[in-house]
Amino acid sequence: MSTARRYDLYSHDFRVETHQTYARMRTESSVHLQPGLDGETPIWFVTRFEDVVAMLTDDRFVLDPALAFTPEELAERRADGTAPDLDPRVNTSLLNLDGADHRRLRKLVAKAFTPRIVEQQRPRIEEIADGLVDRVAASGRMELVDDFAFPLPITVIAELLGIPIDDRDRFRAWSSTFVTPALTPELQEEAARHGEEFIAYLDELFARRRADPAGDLVSALVRAEDEGDHLSENELYSMVVLLVVAGHETTVSLITNAVLALLTHPEELAALLSDLSRISSAVEELLRFDSPVERTITRWVAADVELGGQRLAHGDLAIAVLGSANRDDTQFVGADTLDLARADTRHVGFGRGPHFCLGAPLARLETEIALITLLERLPSLRLAIAEDDLYWRPIPLFRSLASLPVEWDT
Ligand code: HEM
């Protein structure tokens, strides 16, 4: 590996020093060749804003290895372990494909996630958020992740897809498996078991919706598969798995990180409380300040490319570090400062380019409602944990707290 310096990008210490580490990387260079999670595989980490945008809008960076390699090369790589051999039933999703296949799949679900359609869910999301606060209001304390930030988005996405909410704890376990690296044989076994359980569950769900279609997204997708040319069976499974995983892992962290940022910046919080009509731009700044999706999915380099003064070769791997780009001082003045009145919040927290987050309007609406509900109903909300005791989950992709105890006056 040609890199001059190795950064610690995976340990618990890194989780405590995340923003400081990225600041050091950005100062030294934009694009760094670093070992991946296995400690060996070299991956280019792209850290400065303009190069992150350039990478995500350049079609030489692909998710589908079939676009980077010939079938023979790919078979060879799968055999020697330099390209993963993924289960096609859960890995034929928007985040595994590029170009025409990606556009076809995205078109099938895009209508359900436009800002106008999503806005229609506002009253129901408000009702869910209020119901969650009702349950804990009299007790004067809650664990924000379990009691509020997790059940809100999972209930919303479950209702949208038509998944019975009673099954949500199973979904939480399966979903967590998809984003947690399985580094030990025990974890690999658990991941395989969870994958099979998820598929078996979806088999039953699809059969029920086929027999008795409803107005939900799963019924619409099952119909598209039955009609043949829009959606294959693997694509159907993969789409629902992606929507379940993407639809809640991320929003849980946005709500939690946003509450943490507000409670540790009392002047910003007071200014927001004095004018809650600024909530939309506040959510954008909170998303920039502590981005829940810290790194994109790894891309393959399909053809040699120059980026940030480095030459990335065909067959290399690259990750755009969104959480770093969003703290880049050359893009955002005083980028390490939370400024809810910031004029330019054109961050990359939802990615950029063709894979820009499909669920962004929903995530924005859920987070706005979550924050307004908490701030209006529990105005004395404060942390019930010292900042030094916060524990960030060891998930490379996400910046995500394991828990956030909070309290208020009753
Ligand atoms: C705060 C919450 C969220 C954040 C920060 C977030 C962030 C992102 C990012 C960064 C990507 C691009 C990944 C990449 O290029 O490697 C992405 C893609 C995606 N997100 Fe989200 N997301 C959030 C919520 C949601 C929700 C609620 C859904 C709902 C269904 C969703 C569905 C998706 C899907 C389907 C994709 C793949 C789009 C494609 O490849 O065309 N996300 N998201």
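Just so you know, all these numbers are worked out from the coordinates, no wet-lab data involved. Here the structure is a predicted model, which means the values were calculated and not measured. We place every Cβ from the backbone using ideal geometry, glycine too, and count neighbours over all the protein chains shown.
With no solvent and one point on each alpha carbon, what is the Debye value of log10 I(q)/I(0) for segment 48-174 at q = 0.11, 0.16, 0.17, 0.21 Å⁻¹? Result of the Debye calculation: -0.67, -1.03, -1.07, -1.22. Sorting the segments 193-200, 157-164 by their mean number of nearby beta carbons within 10 angstrom, highest to lowest, gives 157-164, 193-200. Computed from the Cα positions only, the extents of segment 243-294 along the three principal axes stand at 36, 21, 14 Å, in decreasing order. Using the alpha carbons alone, the radius of gyration of segment 43-121 stands to its Kirkwood radius in an Rg to Rh ratio of 1.07. With each label modelled as a point 7 angstrom along the Cα→C-beta vector, the Arg6-Glu119 pair spans 5.3 nm. For Arg210 and Ala138, the difference between the fully extended length at 0.36 nm per residue and the C-alpha to C-alpha distance is 21.5 nm. Taking only the C-alpha atoms of segment 104-248, Rg followed by Dmax gives 16.8, 54 Å. Working note: Cα atoms of segment 114-159, range along each principal axis, descending, whole Å: 37, 16, 15. Multiplying the residue separation of Ala100 and Asp85 by 0.36 nm and removing their Cα-Cα distance gives an extension gain of 3.2 nm.
Can I get the semi-axes of the chain's equivalent ellipsoid? Compute them from the C-alpha gyration tensor as square roots of 5 times the eigenvalues, in angstrom, largest first. Present the calculation step by step, with values, prior to reporting the outcome.
Details: eigenvalues 208, 168, 76 Å².
Semi-axes, largest first: 32, 29, 19 Å.
Each principal axis of the Cα cloud of segment 273-327 was evaluated for its coordinate range; sorted largest first, these ranges are 53, 20, 13 Å.
Among the helices of the chain (complete DSSP H runs), which have Cα atoms covering no less than 24 Å along the helix axis and a Kyte-Doolittle mean of at least 0.5?
Qualifying helices, which must be both long enough and hydrophobic enough, are 233-263, 360-377.
When you filter the GluC sites (Glu not before Pro) in segment 19-59 for DSSP loop state and at most 11 other Cβ atoms inside 10 Å of their Cβ, you are left with Glu40.
Is any residue of segment 86-107 close enough, with backbone N under 14 Å, to a label point placed 7 angstrom from the Cα of Ala182 along the Cα-Cβ axis, and if so, which? Under 14 Å, as judged by backbone N against the label point of Ala182, lie 86-91 of segment 86-107. Ordering Ala224, Ala214, Val252 by the projection of their Cα atoms onto the charge dipole of segment 204-267, which places +1 on the Cβ of Lys and Arg and -1 on the Cβ of Asp and Glu, puts Val252 at the extreme positive end. Considering only alpha-carbon pairs that sit under 8 angstrom and 6 or more positions apart, the relative contact order computed for the chain is 27 percent. Ellipsoid fit via the Cα gyration tensor, segment 326-410: semi-axes of 26, 18, 17 Å, each the root of five times an eigenvalue, largest first. Taking only the Cα atoms of segment 298-339, the ratio Rg/Rh comes out at 1.15, with Rh defined as the Kirkwood radius. Label positions at Phe356 and Ala66, each projected 7 Å from the Cα along the C-beta direction, are separated by 2.7 nm. Here the peptides 173-180, 266-273 are ranked by packing, the mean other Cβ count within 10 Å, and the order with the highest first is 173-180, 266-273.
Kirkwood radius and radius of gyration were both taken over the C-alpha atoms of segment 220-263, and their ratio Rg/Rh is 1.31. The order of the peptides 219-225, 251-257, 70-76, 357-363 by mean Cβ neighbours within 10 Å, most packed first, is 251-257, 357-363, 219-225, 70-76. Just need log10 I(q)/I(0) for segment 226-329 at q = 0.11, 0.15, 0.19 Å⁻¹, Debye formula, equal scatterers on the alpha-carbon atoms, no solvent, rounded to two decimals. Results for segment 226-329 at q = 0.11, 0.15, 0.19 Å⁻¹ read -0.59, -0.87, -1.01. Note: segment 172-220, Cα convex hull, 69 Å³ per residue.
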